[in-house]
Amino acid sequence: MAYSEKVIEHYENPKNVGTLDKSDPNVGTGLVGAPACGDVMRLQIKVGEDGRIEDAKFKTFGCGSAIASSSLATEWLKGKSVDDAEKIKNSDIATELNLPPVKIHCSVLAEDAIKSAIDDFRKKQASRRAANGGA
Amino acid sequence: MPVKLPIYMDYHATTPVDRRVLDTMTPYFTEIFGNAASRSHQFGWRAEEAVEYAREQIAKFIGADRPEEIVFTSGATESDNLALKGVAEYYRDRGNHIITAKTEHKAILDTCKRLEKQGIEVTYLDVDKLGMVSPDDVKRAMTDKTILVSIMLANNEIGAIAPIKEIGKICRERGVVFHTDAVQGLGKTEFNVQDMNVDLASLTSHKIYGPKGIGALYIRRSKPRVRLAAMMDGGGHERGNRSGTLNVTGIVGFGKACEILTHEWRDEMVRIRKQRDRLAQIIQTGLEDVYVNGPWPEPRLPNNLNISFAYVEGEAMIMAIKDVAVSSGSACTSSSLEPSYVLRAMGVDEEVAHSSIRFGLGRFTTDEEIEYVGELVVAKTRKLRDMSPLYEMAKEGIDLKSIQWAAHHE
């Protein structure tokens, strides 16, 4: 079971490793997986006023394929609108990275992480609107 | 002297054939190629002679009384099968209970599962958090239906050396046949079938710098005489214990490998232990939050280092050190996606199992390789920790055990 070139590339030269400010109202944070499963992904998005994702960062505890899946996800997220970001499918990630069947679940978790980050962002927006609306 | 890549540190999985072994084997492929069972000509006689010589070398190494107590098989998996199934069948009028442990090799566990389907009762003993089996637990589990105890001499994942002598004594007192899978311990720790009251022992060649595809089962012939039903029928080779044309070249190699060990194993282990300890030292001084799995420093195989790197997953580590061959207890490295059952039986946290790496050193490991790998592991762990959300959270003082994780369920 040799690693695909693309997976190795994401590990050796990850582009978006890091942390955004959780308390920033424009940042959505997704945390999925569990240490007991050997896979935890934290994916964060910073959304601009125009509704486009201007920055995305990730950190992952997991195998090479998990790291690559979450890394790829952050690359694809940048520049997309939140609505378009929601359309990213795990199968797209798996195809792009040539993931073997036994590693497909890593791409599924990455899709979960994206949705979780978007969800968190939307919740924050909703409570901000509610706070302003109630003022 | 620069290191040559790739570096092999997975000697528990297999070993390269020692040149001396290979040279001893070579004539038996093309010159002395006879079937050892051919009684009527010198091609057969010369092959038989070589087989008997190897039998003696192996018997001598393990302290067996007589060479005929060594029965050749295709490897330790077959020897394990033969020991368990053979005893269960032969002694079925005496009883139907077998005692073993949860940390045994699959060749034992899967064979036990099959025997359970055939009406044999099996007790799988627990181990403590260091992976050790307790002789008292063995004694307590015995009933008047117990016909066999099987406990491995040393564990392949964490290197824990079992109290074989004590267990052997208990079995002898109770008249229960005692089998040990000696694969990992042979040539790395003391092993003598007389001293330890061992009745059956599975041995293999490819973990001791011999060729793959050949092993043996030691079957005690006196004090007491142990009998078993054969698994392989057809020709009655090996005194009816295992039919099939003998793998002469393999046997010759196996014998030579044992002979080399007879003279060299103690010095070799002194050297390898130093290397193993140095590797552990480099890793433990360069990193925090690393944990050795299994007993430390004793009773443990001198060449084994099984260590968990908190906040970093095992397969990612293996990819990071891709020019170094090691293995991991992580689920991601097993085709069944289950983490190491040995670590789980020890009560090791699943997360710790996922972060574990096993280094197995051997005859050809060099000091330069130790320095290189130690530094590489430290550097790559740091890099992977920078990418790990768990490391960041731990550094912030968050108790990871208190978080409600939202794992994806298939």
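The values are calculated or read from the model by the stated rules, or taken from the named source; none is laboratory data. Keep in mind that this is a model prediction, so the values were computed, not measured. No Cβ is skipped: glycine too gets one built from the backbone with ideal geometry, and neighbour counts run over all protein chains shown.
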Report summary line: Every listed condition ((1) of a type in the set (A, V, I, L, M, F, W, C); (2) touching a residue at least 12 places away in the same chain (Cβ under 8 Å); (3) surrounded by fewer than 22 Cβ atoms within 10 Å (Cβ to Cβ)) holds for residue A:130 save (2)
Requested in this report: Considering every residue within segment B:349-368, establish whether at least one is in a helix (DSSP H, G or I) and over 18 Å from residue A:38 (Cβ atoms).
Outcome: yes
Report summary line: Those helices (runs of 4 or more DSSP H) completely within segment B:60-155 that have 1 or more residues that are at pLDDT 95 or above and closer than 19 Å to residue B:227 by Cα are B:76-90, B:106-117
Query raised in the report: Do we find that residue B:235 is farther than 29 Å from residue B:93 by Cβ and of a type outside the set (Ser, Thr, Tyr) in this structure?
Result: no
Query raised in the report: If residue A:105 satisfies every condition in (1) surrounded by fewer than 17 Cβ atoms within 10 Å (Cβ to Cβ); (2) under 24 Å from residue A:4 (Cβ atoms) but one, which is the exception?
Result: (1)
**Report entry** Top-ranked residue in segment A:2-51 [being more than 9 Å from chain B (Cβ to nearest Cβ) and hydrophobic (A, V, I, L, M, F, W, C); ranked as farthest from residue B:391 (Cα to Cα)]
**Finding:** A:2
Report task. Scan segment A:25-43 and report the pairs whose first residue is within 13 Å of residue A:53 (Cα to Cα) and whose second residue is of a type in the set (Phe, Trp, Tyr), with Cβ atoms within less than 8 Å and a gap of 6+ or a chain change. Result -> A:26/A:121; A:27/A:121; A:28/A:121; A:43/A:58
Query raised in the report: Can residue B:319 be described as in contact with a Gly (Cβ under 9 Å, 6 or more places away or on another chain) and within 14 Å of chain A (Cβ to nearest Cβ)?
Result: yes
Query raised in the report: Does segment A:71-93 contain at least one residue that is outside any strand (DSSP E or B), among the small types (Gly, Ala, Ser) and within 12 Å of chain B (Cβ to nearest Cβ)?
Result: yes
Requested in this report: Evaluate segment A:33-40: report whether one residue or more is touching a helix residue (DSSP H, G or I) at 6+ places or on another chain (Cβ under 8 Å), more than 16 Å from residue A:106 (Cβ to Cβ) and of a type outside the set (A, V, I, L, M).
Outcome: no
Query raised in the report: Which of the residues spanning segment B:368-410 are surrounded by 13 or more Cβ atoms within 10 Å (Cβ to Cβ), more than 11 Å from every other protein chain (Cβ to nearest Cβ) and among the charged types (D, E, K, R)?
Result: B:368, B:369, B:371, B:375, B:382
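Residue-by-condition table, conditions (1) among the aromatic types (Phe, Trp, Tyr); (2) assigned to a helix (DSSP H, G or I); (3) under 27 Å from residue B:56 (Cβ atoms):
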site	(1), (2), (3)
B:239	no, no, yes
B:243	no, no, yes
B:246	no, no, yes
B:259	no, yes, yes
B:265	yes, yes, yes
B:268	no, yes, yes
B:274	no, yes, no
B:277	no, yes, no
Query raised in the report: How many residues does segment A:110-135 contain that are more than 13 Å from residue A:27 (Cα to Cα) and at pLDDT 95 or above?
Result: 5
